[in-house]
Amino acid sequence: MSDAQTSLGDLHALKTAAKKTKTRFHPAQFWRWGAGPAWLLTAVVTWKWPDADDFPATNEFAVFQLVIGLALVALGATGYLKNRAPWALTLGVGFGAWEVVQAKLLLLPRPFFGTPQDLLDVFLTDWKRLGDSLLHSLLLLAGGYIPGSILGIIVGLALGRSHHVRYWVRPIMRVIGPLPPVALLPLAFVVIPSTRGAGEALMALAAGFPVAVLTWSGVSAVDPSYYDVARTMGAKNRFLVLRVALPAATPQIFVGLFMGLGASFSMLVVAEMLGVKSGLGFYMQWAQGWAAYPNMYAALCVMSLMCTTLMTVLFKIRDHLLKWQKDGLKW
């Protein structure tokens, strides 16, 4: 066989392989093109299949699903869905299954398990109270988390730089720090006259302890040669703290801030349920007391959105300040 015939044979084989590759099924195409129709199908089911009971906002929920489905079809056609397509399809199927199981067949006991349209109706009719509760929760969280984090950074820097501070403060931290702030709630309500002030103080404690410990750890891990170089150039103690110790400990400080934010979320809900008469935690307790479980689930959704948004903002700040850190944890 000549070289020309061999080359022609190889070219034919490559064309055949290319055709097979083009016609081969790709899972990404299934996710991209299936997300929109899944939502459109659930819209049809919601609209055409009669409800098993008199549920509110069924037509509104069908319109909501229709709009989502059309938007996903458009995004799938333009290629903008990409990695979000599997989640879009899964959510459409999930909402459809929830609609069939509860709104159409009533397979789960009421009132503990509502329908998707029950949840939508809460957002449509009670959004003002939900928004007011969200605002109060954010203000209460800020009043405890921000001062606690700042105090934790200051205490951590002092622990890392001063032997005398470690001698006096370390035993106190070992005794009080590991205690769950919730355990101190009855005492806080007695010592601090304002229930709001007590909640903020306990959130400050919940945030301050991990921030202080991890700031201390970061400062202690700084290479002593950095201080020596700075001293030879005439640096004072303030410069060593603010320009050497603090920047070097920043990755550890952010770990403490993440841990403190999570602990503050927990303390926020407990404080609002047990003492502070406002916020999402109080709204949830009120809804549970009146067996308004759709309202309770709506508050949970708002709370989840609040927590994940704040955590995302904190990660964005960390990524901006620590651009040099290549393999940091992504949120």
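The values are calculated or read from the model by the stated rules, or taken from the named source; none is laboratory data. Computed from a prediction, not measured in an experiment: that's the story for all the values here. Reconstructed Cβ throughout: ideal geometry from the backbone, glycine too, with neighbour counts over all protein chains shown.
Laid out as a table, the results:
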item: Residue identified as in contact (Cβ under 8 Å) with a residue 40 or more places away in the chain, within 21 Å of Tyr227 (Cβ to Cβ) and in contact with a helix residue (DSSP H, G or I) (Cβ under 8 Å, 6 or more places away or on another chain) among Arg166, Arg161; result: Arg161
item: Candidates Ile153, Ile146, filtered to the one that is farther than 18 Å from Ala43 by Cα, of a type in the set (Val, Ile, Thr) and surrounded by fewer than 16 Cβ atoms within 10 Å (Cβ to Cβ); result: Ile146
item: Residues of the range 303-326 satisfying the condition of being surrounded by 16 or more Cβ atoms within 10 Å (Cβ to Cβ) and more than 11 Å from the chain's Cα centre (by Cα); result: Arg318
item: Unmet criterion (only one of (1) surrounded by 15 or more Cβ atoms within 10 Å (Cβ to Cβ); (2) of a type outside the set (S, T, N, Q); (3) out of contact with any Ser or Thr (no Cβ under 9 Å at 6 or more places or on another chain); (4) assigned to a helix (DSSP H, G or I)) for Trp168; result: (1)
item: In the range 35-85, residue nearest to the chain's Cα centre (by Cα) [restricted to those that are closer than 17 Å to Ala97 by Cβ and outside any helix (DSSP H, G or I)]; result: Phe55
item: Residues of the range 188-212 satisfying the condition of being over 26 Å from the mean Cα position of the chain (by Cα) and in contact (Cβ under 8 Å) with a residue 60 or more places away in the chain; result: Phe189, Thr195
item: Residue, nearest to Met267 (Cα to Cα), within the range 197-226, restricted to residues that are buried (at least 18 other Cβ atoms within 10 Å of the Cβ) and among the aromatic types (Phe, Trp, Tyr); result: Phe209
item: Odd one out for Leu257 among (1) surrounded by 19 or more Cβ atoms within 10 Å (Cβ to Cβ); (2) of a type in the set (A, V, I, L, M); (3) more than 30 Å from Pro178 (Cβ to Cβ); result: (3)
item: Long-range neighbours under 6 Å by Cβ, at least six apart or interchain, first residue touching a residue at least 12 places away in the same chain (Cβ under 8 Å) within the range 221-247, second of a type in the set (A, V, I, L, M, F, W, C) and outside any helix (DSSP H, G or I); result: Ala245/Val222
item: Test: Phe189 is crowded, with 18+ Cβ neighbours inside 10 Å, aromatic (Phe, Trp, Tyr) and closer than 17 Å to Tyr145 by Cα; result: no
item: Where Pro247 falls short, out of the listed (1) over 23 Å from Ser137 (Cα atoms); (2) in contact with a helix residue (DSSP H, G or I) (Cβ under 6 Å, 6 or more places away or on another chain); (3) surrounded by fewer than 20 Cβ atoms within 10 Å (Cβ to Cβ); result: (2)
item: Single match in Gly197, Gly260, Gly208 (criterion: in the same structural domain as Met284 (by TED's automatic domain parsing), in contact with a Pro (Cβ under 7 Å, 6 or more places away or on another chain) and in a helix (DSSP H, G or I)); result: Gly260
item: Given (1) of a type in the set (Val, Ile, Thr); (2) within 26 Å of Met311 (Cα to Cα); (3) outside any helix (DSSP H, G or I), index of the condition Val222 fails; result: (2)
item: Complete set of residues in the range 263-275 that are surrounded by 15 or more Cβ atoms within 10 Å (Cβ to Cβ) and in a helix (DSSP H, G or I); result: Ala263, Ser264, Phe265, Met267, Leu268, Val269, Val270, Ala271, Glu272, Met273, Leu274
item: Those residues of the range 171-186 which are surrounded by 13 or more Cβ atoms within 10 Å (Cβ to Cβ) and either part of a helix (DSSP H, G or I) or among the small types (Gly, Ala, Ser) (or both), in sequence order; result: Met173, Gly177, Pro181, Val182, Leu184, Leu185
